[in-house]
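In what follows, a structure is listed as structure tokens, so that the remarks can point back to it.
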Amino acid sequence: MTQFAAPKPTSATSRFAALLESQKGTLYKVAYVYCRDPEDRRDLVQEMAFQLWRAFDRFDGRSSVATWTWRVATNVAISFHRREGRRIRDTLPIELGLEVADFDSDDRGSRVLRALIDDLDELSRALMLLYFEGYDHAEIAEILGTTPSNIGTRLARIRTRLKTQADLQGDGPDD
């Protein structure tokens, strides 16, 4: 078996390690939305880190590091999800210690919202994640590569769809 020597630390390597440490929460959140299986999440986080490393020397600072990370991570997650052909079925707890109260909540409303968001297409799921993270329309548009007005329109349609579906689920026998 061939062994490869670890790369010697360089200033670029150190800068990237610091960037990765500061942005790991973003990677974990995106991975959680696209993968419920812990092994798949680990694979996806590794793939996101690899793609960030590949693009690191081309990062020109026109956007913030956070915006750039969200964009790369979201695109990798969508591609990963499509490539794997997996559908999100169940919600499993995050094993990496990330504190995301909305995802950890066990109340019925949170479970219903997670299930409804799980049924969205990949782009809409990414849009909702960014919306719940508090990004405004312009920031979401920059991350997803579209316009703020498109984001506003899509969000309005998604919210209407989610409300309609939640109202339908509210008519069930356990209410």
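The values are calculated or read from the model by the stated rules, or taken from the named source; none is laboratory data. These figures come from a predicted structure and were not determined experimentally. Cβ atoms come from the backbone with ideal geometry, glycine included; neighbour counts cover every protein chain shown.
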Would you point out which residue out of Arg58, Arg54, Arg71 is within 19 Å of Ile140 (Cα to Cα), among the basic types (Lys, Arg) and either modelled with pLDDT of 90 or more or exposed (fewer than 15 other Cβ atoms within 10 Å of the Cβ) (or both)?
Arg71
Under the condition of being at pLDDT below 85 and not in a helix (DSSP H, G or I), which residue from region 146-175 is farthest from Trp68 (Cα to Cα)?
Pro173
Are any residues in region 31-47 surrounded by 15 or more Cβ atoms within 10 Å (Cβ to Cβ) and either over 13 Å from the mean Cα position of the chain (by Cα) or more than 17 Å from Arg125 (Cα to Cα) (or both), and if so, which ones?
Asp37, Asp40, Asp43, Val45, Glu47
